[in-house]
Amino acid sequence: ANFFDYGASSIILTGLVIMVASCSPVPEQKKVFSSVTEVALPVLHGARQPSLFAMSDGRILMSWTEPSGKAFAVKTAIGNSDGWSEPQTVVKSDKLFLNWADFPSVAAFSDGTLAAHWLIENGASSYEYDVNIALSGDDGWSRRQVIVPHRDGTKTQHGFATLLPMAQNQLLAIWLDGRAYGSTPEGAKEDLFTDAMQLRTTTIGSDGTLSQDKVLDLRTCTCCQTAATITKSGIVLVAYRDRTAAEIRDISLVRLVNGIWSKPETINKDGWEIAGCPVNGPAIDANGELAVVAWFTGAKDIPQVKVAFSTNAGESFDGAIRIDHGEAAGRVDVIQLDDGSAFVSWVELTDTGEALLVCRAWPGTGCSDTQIITLNKASGGINFPRMVLSNGDVYMAWTQPLKTRSAKLDLDMTIRMVRAKP
């Protein structure tokens, strides 16, 4: 397996399943949630990179990666604070591309078909890998169908994928695509330089039918997460970090309305000029026709987390509101609530450790309260925490470095999850 750290520590495995219990008390600020309780998980030491999907029946579909012998495995389980199913292995391979920021994810079609994606090496270079998507209709992966959503066949980078279920048993796959590296993309303008990542998409039916992939943006930031959501009326919103010829890397949005993709529009002109990828993508969510986007920016050398709201399905957004406390590291997630507010999570650096914060943000005013969910004092980072809403409760999961170090760095971590009640 190919593991790249980007500055976050890798983490550890025993033969025992860890039903995660509590950590040391965390100093509280204001209360966003009335209670926050630990959720036991069926994961091993070495588990990392959790991804969450809220299913319609109130359960949570979770994927993660963990060591398996001399290889690594992508696994899934379904459950919540009441318990979890037996973990199922989606794929096990020594060719998995493992990365703290570009990690597998899961989703569920309306007909119950499950989907999971992972990254597999396709060449000798460090950044030559493909997106693989598996479909399963039996709550497991014994009869999985594996699909590669891109058909270019190039030994280049394909990653940072997002899976978004749509109507009529279709799933939208979005990813960053490196097929144009070293050449000028067809249809590109002269100001588009070579070696640019593209934003591409395709649809996949629950029966495995794959449509032709489409380009949404010919030049994007190289290695930031993509994010997507769908409104009640069926409008799809895709948020990502863009890139101009002048190396401005702000957050852009494309919309799918009545089968037609819009041109990219900048959500807020932060003006972050940086000649390298910050590895820090946006998050987006919708509830009805309300939508919210959260993101990190380092414009003017000031690290900030911002949020912007829309009341018209992403056609326009209100002005951006800064919500961090001065030492933001980003790595955001967001949940749009039906009263117009949103839960926003992000990572911030403090004098005593790496804090995972959550606030309830409101249009026009920003955060009314902010709460520390966990304070990581161990060596290594909590990477990209994920957050979903299920039956009125918020579930959050993250990679947790272990304070006890071992000779095998791949085992010095696990996954924690909490259930928070508003």
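Points worth noting:
Matching residues to (1) part of a strand (DSSP E or B); (2) open to solvent by less than 30 Å² (accessible area, probe 1.4 Å); (3) in contact with a helix residue (DSSP H, G or I) (Cβ under 8 Å, 6 or more places away or on another chain):
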{"site": "Val279", "(1), (2), (3)": "no, yes, no"}
{"site": "Ile284", "(1), (2), (3)": "yes, yes, no"}
{"site": "Ala294", "(1), (2), (3)": "yes, yes, no"}
{"site": "Asn312", "(1), (2), (3)": "no, no, no"}
{"site": "Phe317", "(1), (2), (3)": "no, no, no"}
{"site": "Ala329", "(1), (2), (3)": "yes, yes, no"}
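- Subset of the stretch 52-73 (residues that are open to solvent by 10 Å² or more (accessible area, probe 1.4 Å) and either of a type in the set (Gly, Ala, Ser) or closer than 13 Å to Trp118 by Cα (or both)): Ala54, Ser56, Ser68, Gly69, Ala71, Phe72
- Within the stretch 125-150, the set of residues being out of contact with any strand residue (DSSP E or B) (no Cβ under 7 Å at 6 or more places or on another chain) and either among the hydroxyl-bearing types (Ser, Thr, Tyr) or outside any loop (DSSP other than H, G, I, E, B) (or both) comprises Ser125, Ser142.
- Residues satisfying the stated conditions in the stretch 358-386, i.e. open to solvent by 10 Å² or more (accessible area, probe 1.4 Å), assigned to a strand (DSSP E or B) and among the hydrophobic types (A, V, I, L, M, F, W, C): Trp362, Cys367, Ile372, Ile373, Leu375
- Among the residues of the stretch 370-398, those identified as farther than 27 Å from Ser341 by Cα and of a type outside the set (D, E, K, R) are Asn376, Ala378, Ser379, Gly380, Gly381.
- Condition broken by Ile230, with the remaining ones in (1) closer than 19 Å to Gly298 by Cα; (2) open to solvent by 40 Å² or more (accessible area, probe 1.4 Å) satisfied: (1)
- Residues of the stretch 88-122 that turn out to be among the acidic types (Asp, Glu), closer than 18 Å to Thr156 by Cα and surrounded by fewer than 21 Cβ atoms within 10 Å (Cβ to Cβ), as a count: 1
- Restricting the stretch 29-85 to residues that are of a type in the set (Ser, Thr, Tyr) and over 20 Å from Phe109 (Cα atoms), the residue that is nearest to the chain's Cα centre (by Cα): Thr65
The values are calculated or read from the model by the stated rules, or taken from the named source; none is laboratory data. These numbers come from a predicted model, not from an experiment. Ideal geometry is used to build each Cβ from the backbone, glycine not excepted, and the neighbour counts take in all protein chains shown. Ligands, DNA and RNA are excluded from the accessible area calculation, which covers all protein heavy atoms including side chains. Shrake-Rupley method; radii C 1.70, N 1.55, O 1.52, S 1.80 Å.
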